[in-house]
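Note sheet for the following structure.
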Amino acid sequence: PPPTVGAFLTQVALPALRGSAPSGVDVTVGFASWDHPLMQTLSPQLDALNWHDYNGGGNGATFWAGVLAMQNLSAQFTPPKPLVVTEYPARPAQPLACVLPLLRSARIGSFVWALVINS
């Protein structure tokens, strides 16, 4: 087996996924943050760039820094890769009222997924 997680993903997991995915199905990885060390390594093999963001400091400035970094990474590809952020709301330092206008102005896709149990 490849010696590192990055090597395993680039040499084994992503090629296997791409080979087994039906035509037209996008392949992506949900990175834990925009500055994850594997983002640069894996991004050429992904159809979309997907990350979580819990950095709500500075009234959105920290979140915006991540957006700009992801836009710069996306722009390295022709055509630029779509951007999708998940796991961003419901943090005291990063309320929806702060994040949604930033996502809208940057034209970045987003979604929220959660399991809610109400008894």
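Taken together, the values in this text are just the output of simple stated rules run on the coordinates, not laboratory data. Since the structure is predicted, the reported quantities are computational estimates derived from the model, not experimental observations.
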In degrees, nearest 10, the alpha-carbon axis of helix 61-74 is tilted away from the dominant principal axis of the alpha carbons of the chain by 30 degrees
What ratio of Cα Rg to 2.2 N^0.38 Å holds for segment 24-119? 1.10
Suppose only helical runs count, i.e. DSSP H with n ≥ 4. What mean residue ellipticity at 222 nm does that imply for the chain under -39500 (n - 2.57) per run, divided by all residues and rounded to the nearest 500 deg cm²/dmol? -9000 deg cm²/dmol
What are the equivalent ellipsoid semi-axes of segment 13-60, built from the alpha-carbon gyration tensor (square roots of five times its eigenvalues), in whole angstrom, biggest first? 27, 11, 7
